[in-house]
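These notes are about the structure you will find just below.
The values are calculated or read from the model by the stated rules, or taken from the named source; none is laboratory data. These numbers were taken from a predicted model, which means no experiment stands behind them. Here the Cβ is made from the backbone with ideal geometry for all residues, glycine too, and neighbour counts use every protein chain on show.
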Amino acid sequence: MAPNVVPDAAELMLDIRTVPGVEAGQLRAQVGLLAGEQVDVADHVVLPPLDTGADEPFVGMVRSALQAAGVSDAVAPPARFFTDASVLAGVLGADDVPAPTVVLGPGEPAQCHVVDEYCLASRVEETVVIYRELLDRWCAPA
């Protein structure tokens, strides 16, 4: 297209992932104000951010399993990607309270959905140990 041709319409798709403390409706309104009245702003998919508190008993169980497996139990920063965890937390929760959920696996975010995606065998083996430790704790008599 030549630089001096003005199209009759244009479409822009923004992929904005909300974080705890940011409501999708407020964000949509802010984008609408910035875009102006001649622009339609619509949601494609709206999902809540995953926000499991570090003080949740399940998080403590996960951290204990990580320690037993010899893996750092440092609290991870908020993820800058989407996982099914936010959907599952809502489905598995009760009374509109999401189930405590932790994203824990062998994959590296930089390897997701790329050409030649891979996961190191050593990380898979490490994760098996972590999952065993976690299941031992989960299934232990109270």
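Can you tell me how many residues within the stretch 98-133 are part of a helix (DSSP H, G or I), modelled with pLDDT under 90 and farther than 21 Å from Ala74 by Cβ?
Within the stretch 98-133, residues that are part of a helix (DSSP H, G or I), modelled with pLDDT under 90 and farther than 21 Å from Ala74 by Cβ number 0.
Hey, can you tell me all the residues within the stretch 113-123 that are surrounded by 12 or more Cβ atoms within 10 Å (Cβ to Cβ) and either of a type in the set (D, E, K, R) or within 20 Å of the chain's Cα centre (by Cα) (or both)?
Cys119, Arg123 - these are the residues of the stretch 113-123 that are surrounded by 12 or more Cβ atoms within 10 Å (Cβ to Cβ) and either of a type in the set (D, E, K, R) or within 20 Å of the chain's Cα centre (by Cα) (or both).
Quick one: is Ala76 at pLDDT below 85 and within 30 Å of Leu134 (Cβ to Cβ)?
Taking the combined requirement at face value, the residue satisfies it.
Condition check: out of contact with any His (no Cβ under 9 Å at 6 or more places or on another chain), free of Cβ contacts under 8 Å to residues at least 24 places away in the same chain and not acidic (Asp, Glu). Does Arg80 satisfy that?
Against the criterion (out of contact with any His (no Cβ under 9 Å at 6 or more places or on another chain), free of Cβ contacts under 8 Å to residues at least 24 places away in the same chain and not acidic (Asp, Glu)), Arg80 does not qualify.
Given the conditions (1) of a type in the set (A, V, I, L, M); (2) part of a loop (DSSP other than H, G, I, E, B); (3) under 26 Å from Thr18 (Cβ atoms), report the number of the one that Ala142 does not fulfil.
Just one mismatch for Ala142, condition (3).
Could you grab the pairs with beta carbons closer than 6 Å, sequence gap of 6+ or different chains, first residue in the stretch 92-109 and farther than 16 Å from Pro57 by Cβ, second one modelled with pLDDT under 90?
Val103/Thr83; Val103/Ala85; Pro109/Phe81
Inside the stretch 75-107, can you point out the residues that are exposed (fewer than 13 other Cβ atoms within 10 Å of the Cβ), small (Gly, Ala, Ser) and closer than 19 Å to Gly21 by Cβ?
Ala76
Select from the stretch 48-73 the residues that are part of a loop (DSSP other than H, G, I, E, B) and surrounded by 14 or more Cβ atoms within 10 Å (Cβ to Cβ) and write down the one among them that is farthest from the chain's Cα centre (by Cα).
Step by step, filter the stretch 48-73, then rank; the result is Ala69.
Do you know which of the residues in the stretch 1-42 that are assigned to a loop (DSSP other than H, G, I, E, B), surrounded by 10 or more Cβ atoms within 10 Å (Cβ to Cβ) and charged (D, E, K, R) is farthest from the chain's Cα centre (by Cα)?
Glu23
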